[in-house]
1. Here are the criteria: (1) hydrophobic (A, V, I, L, M, F, W, C); (2) outside any helix (DSSP H, G or I); (3) touching a Lys or Arg at 6+ places or on another chain (Cβ under 6 Å). Tell me which single one Val99 does not satisfy.
2. Tell me, which helices (runs of 4 or more DSSP H) wholly within region 103-147 include 3 or more residues that are among the basic types (Lys, Arg), buried (at least 24 other Cβ atoms within 10 Å of the Cβ) and modelled with pLDDT under 95?
3. Any residue at all in region 74-89 that's of a type in the set (A, V, I, L, M, F, W, C), touching a residue at least 40 places away in the same chain (Cβ under 8 Å) and outside any helix (DSSP H, G or I)?
4. What number of residues within region 172-190 are outside any strand (DSSP E or B) and either closer than 22 Å to Pro216 by Cα or open to solvent by 70 Å² or more (accessible area, probe 1.4 Å) (or both)?
5. Anything in region 152-171 that is in contact with a strand residue (DSSP E or B) (Cβ under 8 Å, 6 or more places away or on another chain) and either buried (at least 17 other Cβ atoms within 10 Å of the Cβ) or at positive phi (or both)? List them, or say none.
6. Within region 241-249, is even one residue of a type in the set (Val, Ile, Thr), under 20 Å from Asp133 (Cα atoms), surrounded by 15 or more Cβ atoms within 10 Å (Cβ to Cβ) and at pLDDT below 80?
7. Tell me which of these Leu68 doesn't satisfy, since it passes every other one: (1) open to solvent by less than 10 Å² (accessible area, probe 1.4 Å); (2) in contact with a His (Cβ under 8 Å, 6 or more places away or on another chain).
8. Can you tell me how many residues within region 15-58 are surrounded by fewer than 23 Cβ atoms within 10 Å (Cβ to Cβ), part of a loop (DSSP other than H, G, I, E, B) and modelled with pLDDT of 50 or more?
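The values are calculated or read from the model by the stated rules, or taken from the named source; none is laboratory data. Computed from a predicted model, the values in this text were never measured in an experiment. Counting neighbours? That spans all protein chains shown, and the Cβs are built from the backbone with ideal geometry, glycine included. When the accessible area is computed, the model is the full protein with side chains, heavy atoms only, and any ligands, DNA or RNA have been set aside. Shrake-Rupley method; radii C 1.70, N 1.55, O 1.52, S 1.80 Å.
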Amino acid sequence: MVTLLKQSLALLLVASTMLATAPAGFASPANEAAASTPVQTAQKTPQQLEQLVAPIALYPDALVAQVLAAATFPDQVVEADRWMQQHPDLKGKQLGDEVDKQPWDPSVKSLVEFPSVLANMDKNLSWTSSLGDAYVNQEQDVMNAVQVMRDRAEKAGNLKSTSQERVTHDGQTIVVEPADPEIVYVPEYDPWLVYGAPIGIWPGWYPYPGLFLAGPGIGFGFGFGVGFFGGFGWGWHHWGYDWHHHDIRFDNHHYESHSRVFVNRNNFNRAGGFHAGAPGRGFGGASHGFAGHGFAGHNQAGMHSGAFSGFSHGGVARSNSFGGRSSFGGGFHGGGGFHGGGGFHGGGGHR
């Protein structure tokens, strides 16, 4: 019952995101049909975007692509992480087969290869929501911010080639790739200290175990074997990033998110208005259950564009942080070890 209540609340939070970014009259069908202009939400500044991408900017390129794409589906991120908690014994081919059956976007499915990353997105749902909104509306700016933060980390001495990852330059672009294409290490670092001069902490940020390293340096724990998932259409090797065109690549094509959680403010008028909620997801219109719960379609005080309200900045996220887990130090899921086909590989420790 407690788990069900937590899941329901998480989905309500996602719904509130849509209502907060939708037109003010979203609460009734008549008003929804009448709405013809996008929400006039200010674009995020470069500094705000740099703060937003700080937790993932030092990840390998393909993982950055997966996280950005999955962030546009925060409801599925919640569902996938809770599903993982409920299936701690699934491993290897059995895990891949069961995930393959789920109705999630390929980007969300791909993150089961990195359960600690998926769990971090669930626990920091406000941040995930804002990241997804920014990617939908400011894709080029988001990727510029990733490069700015990589440059800062490199100048601070915290981004360099190691036995776990390879850092190279393509002109002015900093590329981060696994040293071994079959084993991916997710770097552990404090996103607010690793870039040299401290930057502001994202409100309510929860430092997820296994991804957070106290202090200004960077380290590596366990590597995730990704070769096994190559047989699935959503696996690691299907993802990449084209820095020249600043777009995510999926199966060697531009990745286009079909999420209906966020308003694409650039294409709003051409798209004929905003229709929130993926079919069958329970978000098929605010008039079907959310309008009567006090979600009136306006931003609450202090709410980030596309983010959840202040109480979810670490509130619900933090209260659920240990639900269904016995982990504290390595991103283990439900006490059952890493879910990742090829198992996990010892890293080189911290430096």
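1. Val99 satisfies every listed condition except (2).
2. Hits in region 103-147: none.
3. no
4. So the count comes out to 4.
5. Of all residues in region 152-171, those in contact with a strand residue (DSSP E or B) (Cβ under 8 Å, 6 or more places away or on another chain) come to 153-154, 158-169.
Ala153, Glu154, Asn158, Leu159, Thr162, Gln164, Glu165, Val167 - these are the residues of region 152-171 that are in contact with a strand residue (DSSP E or B) (Cβ under 8 Å, 6 or more places away or on another chain) and either buried (at least 17 other Cβ atoms within 10 Å of the Cβ) or at positive phi (or both).
6. Of region 241-249, the ones of a type in the set (Val, Ile, Thr) are 248.
Of the ones still in play, those that are also under 20 Å from Asp133 (Cα atoms) are 248.
Then keep just the ones that are surrounded by 15 or more Cβ atoms within 10 Å (Cβ to Cβ); that gives 248.
If we keep only those that are at pLDDT below 80 as well, we get none.
No, the conditions are met nowhere in region 241-249.
7. (2)
8. Matching residues across region 15-58 total 5.
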